[in-house]
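Working notes, beginning with the structure itself.
Just so it is clear, none of the values below were taken in a lab; they were calculated from the coordinates. Since this is a predicted model, take the numbers as computed values, not measurements. Note that each Cβ is placed from the backbone with ideal geometry, even for glycine, and that neighbours are counted across all protein chains shown.
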Amino acid sequence: MRNQRTTKILAVLPVAVGLLLLSVPMFAHHGTNISYDQKNPVTLKGVVTDFNYKNPHPQVFFDVTDASGQVTHWAGEVAPTPFTLSQNGWGKARSLEALKAGTKITITLGPSRAGTPIGVVMKIFNEKGEEILDQRAGEQ
C-alpha cells in the first residue's frame, strides 16, 4: 500500500513542479507596471534600427542622439500582441514598412524603473507628426 502511494506521489511531483516553474515567467512577463513607469512617460526622438514583429510582443529598437552627439540604443516593447494589432489593421507588412530601419520617429514610452534604456511603447509618430501606433488602442 505504501509503495503505491509513494509511486503516485513520485509520478505527480515532477508534473506539479514543472507547472509551477512554467507559471513563474508568465507572472513576471505580465508585470508591466512593476517593470515600467507608465505614470511618468518619456518622449524621445530617434531613428529606428530594427523592428521585430513577433510573439508575444513586437519590439522596436531605435537610437537617440543627445545634444553632445552621444548615441543611446533604446528598446521598446509594444504591449498588444501581433494578433491584436492585426485585428486593428496593424499587420506585419504595415508594421515593417512604417518602422523600417532608418525611419525617424518620436516615441512615447513608459521607461524602465531600473533606469536602463528600455520601455513599454505608448505612442509612435513618424517624422511628419502622423501617429503610427497607439498601443493603448492597438491601432493607428
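Given labels modelled 7 Å from the Cα in the Cβ direction, how far is it in nm from Q38 to A114?
2.0 nm
Per residue of region 119-127, what does 6.51 cos²θ - 1.76 cosθ + 1.60 with θ = phi - 60° give for ³J(HN,Hα)? Whole Hz please, x for Gly and Pro, Karplus curve as stated.
Result, ordered by residue: x, 9, 5, 10, 8, 9, 10, 7, 5 Hz.
Once you have the Cα-Cα distance between F83 and E127, take 0.36 nm times their residue separation minus that, and quote the gain in nm to one decimal. Spell out each step's value before the answer.
Numbers: separation 44, 0.36 × 44 = 15.84 nm, distance 2.66 nm.
Gain on stretching F83 to E127: 13.2 nm.
Can you return the lysines within cross-link range of K128? Criterion is Cα-Cα under 19 Å, with same-chain partners fewer than 8 residues away left out.
The qualifying lysines are K45, K100, K104.
Full extension from K54 to N3: what is 0.36 nm times the residue separation minus their Cα-Cα distance, to one decimal in nm? Could the numbers behind the result be given before it?
Values: separation 51, 0.36 × 51 = 18.36 nm, distance 4.82 nm.
Using 0.36 nm per residue and subtracting the Cα-Cα distance, I get 13.5 nm.
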